[in-house]
1. Using the Karplus curve 6.51 cos²θ - 1.76 cosθ + 1.60 with θ = phi - 60°, work out ³J(HN,Hα) for each residue of segment 362-374 in order, rounded to whole Hz, and write x for Gly and Pro.
2. Between beta-carbons, use under 13 Å as the cut-off and find the net charge around His206, counting Lys and Arg +1, Asp and Glu -1.
3. Tell me, what ³J(HN,Hα) does each residue in segment 501-515 have, in order and in whole Hz, if you take phi through Karplus 6.51 cos²θ - 1.76 cosθ + 1.60 with θ = phi - 60° and put x for Gly and Pro?
4. Under a 5 Å amide H to amide H cut-off, with H placed in plane at 1.01 Å, what residues pair with Gly674 once short-range neighbours are removed?
5. Grab the other residues whose beta carbon is less than 12 angstrom from that of Leu456, score K and R as +1, D and E as -1, and report the net.
6. Per residue, what accessible area does the chain have, given a 1.4 Å probe and all protein chains present, in Å²?
7. Which one, Val14, Ile552, Ala149, projects farthest toward the positive side of the charge dipole computed for the chain from Cβ point charges (K/R +1, D/E -1)?
8. For the chain, what is the mean residue ellipticity at 222 nm derived from helices alone (per DSSP H run of n ≥ 4: -39500 (n - 2.57); sum divided by total residues; nearest 500 deg cm²/dmol)?
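The values are calculated or read from the model by the stated rules, or taken from the named source; none is laboratory data. Bear in mind that the values here come from a model prediction, so they are computed numbers and not experimental data. Glycine gets a Cβ as well: all are built from the backbone with ideal geometry, and neighbour counts include every protein chain shown. Heads up: the accessible areas ignore ligands, DNA and RNA and are worked out on the full protein's heavy atoms, side chains in. Shrake-Rupley method; radii C 1.70, N 1.55, O 1.52, S 1.80 Å.
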Amino acid sequence: MSSLDALFSPRSVVILGASDDSAKWGHTMARGALDSPGGRTVLLVNRRAAQVLGQTAYPTAVAARTAHGADVDLAVICVPAASFLDAVQDSVDAGARVIVGITVGLSETGADGAALEKEALRIAREAGARLLGPNGLGVADTHTGLQLAHDVLLQGDVAVITQSGNLGLDLAALLADRGVGISRFVSLGNQSDLNVVDFLWASVKHEHTRAVAIYSEDVVDGRGFLAAAQALHEAGKPLVMLSPFRTAAAVRTAASHTGSLTTSSMVIDAACAATGAHRADHPTHQADLLVALRGPQRMSGRRTAVLTDGGGHGAVAADALAIVGLSTPMFTESTLTELTEAVWEHATVTNPVDLAGGGEKDTDSYARVVQTLLTSSQADGVLLTGYFGGYTARQSGLAVPELIAAQRIVDLVAAQSKPLVLHTIYPDSPTSRLLHDSGISVHRDVDRACAVLAGLVQGDNTGLGLPVPQPADPVVDVSYEASRALFAEAGVGFPMAIAVSDRAELEAAFDARGMTFPVVLKATGQLHKSDGGGVVLGLADREQARAAYDDIVARLAPPSVSVEAMADLDAGVELIIGSVHDPRFGAVVMVGLGGVFTEVLGDTACAVAPVTVDAARELLLSLRGAPLLEGARGRAPVDLDSLADLVVRVAHLGATHPEFSELELNPVLAGPDGVLALDARIVL
């Protein structure tokens with residue numbers, strides 16, 4: 001029996017710290033074990049009582065095993081922290097293959113607790129056992145009858161893997177409200193041994209799991225997470241991740257612009273984008289997405305058709321769709337012609353499509369319009385918003401026609417691949433229940449309906465096309481000149497530059513072949529050269545350059561000054577391209593518009609490195625300012641192929657040098673004829 005089989009399908013369970021006191025976890029776990037179906041042996045351990053819950057209690061797990069003549073598979077420890085080590089030793093001595101630690105007061109409390117937890121893990125590993133938790137809320141497998149959690153969970157097909165037990169129970173309750181049950185529930189606790197990645201892999205082949213929900217503050221093994229999430233995607237099992245840290249308070253302190261612009265939240269978004277996973281903002285959103293993603297329909301793009309029976313609902317829906325990144329484009333001739341034939345003369349058909357009361361005169365017009373929208377090449381999904389569902393709620397003469405129209409809509413949706421989501425004033429009406437029970441997502445709030453549609457957009461899943469390369473020889477010298485040289489070796493182009501340390505070398509630099517005015521002077525040895533007045537641009541002749549050199553030396557006393565040919569900044573678009581080393585995911589490449597003004601514009605995106613050329617191109621085009629790259633307002637488009645190639649090279653450099661915490665090119669000048677890096681920085 002494998003360790004995870006012993007966890008989810010144990011033949012015998014021992015509860016250490018079993019109690020008659022209903023306020024204690026030892027009571028909850030013991031009661032759950034005794035009430036679980038499956039015919040497994042349940043042994044109770046309590047050092048002071050001979051009976052617990054009407055069952056014989058033993059002073060130790062070893063005594064319980066001796067009495068029953070067989071090793072235990074699963075031990076659940078519900079004792080105070082001071083007794084945790086003894087309980088772990090007792091469990092492995094009784095033959096436990098897996099230990100579930102409910103005990104609190106360990107690594108989450110500080111160094112002393114962490115030392116106890118580390119020793120407990122050592123004891124378990126030396127005995128060949130695995131440890132879940134501690135500081136967890138239990139585990140359940142509804143298909144094997146194991147219910148060792150705070151609540152008895154509804155049987156179903158969603159695996160819930162959570163670092164917060166209460167959030168996991170919250171999600172399970174929200175799913176139950178939607179008629180969806182749980183296949184497995186795992187409260188990770190402190191993840192001292194078994195972690196979120198272990199349970200993602202366990203979900204890939206678990207026949208009773210159809211979708212996976214996780215809440216995680218620490219994925220522990222970022223690259224392992226990517227591989228497991230990718231495997232789930234390939235198995236057709238949606239993964240919906242709830243992870244906090246979207247706020248500015250979560251931005252880690254970093255030395256370079258790249259580091260300060262790449263937050264842990266951005267990295268999680270990048271990991272989800274790379275693997276086809278979905279990120280939720282709160283448990284309700286997570287439950288909504290899980291229900292919708294269990295169906296086969298997906299948005300192949302972001303164009304949304306809106307069908308309403310009132311102008312107000314249509315206008316509000318269009319705004320709500322824009323907030324979640326979906327568009328409501330105007331329809332052109334072919335679709336307009338079909339829509340005009342499907343509705344009465346007072347309707348609006350440009351998008352949103354407003355029946356303007358026509359549904360009451362001809363209820364089937366709802367279904368006819370839905371058919372046109374689902375088959376149109378001008379829409380990737382449909383939002384039906386407003387009153388639909390209300391005719392059966394009021395039991396009017398239109399109740400039966402509405403039900404007939406609803407059934408037609410169900411059949412139309414099932415026959416093709418685009419999703420339809422319903423926002424209705426009457427989510428509990430017979431019509432709405434018919435749509436819900438048929439797999440169509442139904443919501444009372446339009447923002448929730450729009451968020452679900454956005455979650456159904458099918459990504460390109462191009463982010464994991466390359467394996468992590470082997471590390472290169474470590475680099476020690478990250479001075480400006482050395483950093484620039486390392487980038488140049490990787491194929492990055494720069495303007496001509498010569499480092500000088502005195503006036504004689506300055507004069508020689510002016511005379512060097514290829515050096516032309518105007519020039520730029522840069523004080524080396526500073527992390528942010530421009531912030532300290534260490535960069536002087538547009539020096540038109542020798543006299544200006546000499547004066548600027550003397551001023552820089554007097555003010556900053558740099559180890560050297562770099563004399564560089566100045567690029568024409570009006571000839572292209574300025575960007576920043578860099579990489580940071582994330583403690584969980586490794587190298588993460590970041591792109592942004594604005595160069596030195598990137599922080600002001602706040603237009604950045606990142607991806608887990610290394611990346612393919614296609615992924616790099618998609619990353620660049622995901623920027624809000626991407627139209628500048630494609631040639632906005634009559635400008636010539638930049639050489640996007642060369643720009644994407646540069647992103648690939650920076651990502652590869654970051655991935656092959658784990659000793660670099662940050663590296664960046666800022667600014668990068670992208671123009672119609674290629675790209676040029678104007679500054680380089682590396683931080684060990």
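1. Here the 3J(HN,Hα) series is 8, 4, 5, 4, 4, 5, 5, 5, 4, 4, 5, 5, 5 Hz.
2. -1
3. 10, 7, 5, 5, 5, 4, 5, 5, 5, 4, 8, 5, 4, x, 7
4. Asp639
5. Net charge in that neighbourhood comes out at +2.
6. Accessible area per residue, the chain: 41 Å².
7. Farthest towards the positive pole: Val14.
8. So the helix-based figure for the chain works out to -11000 deg cm²/dmol.
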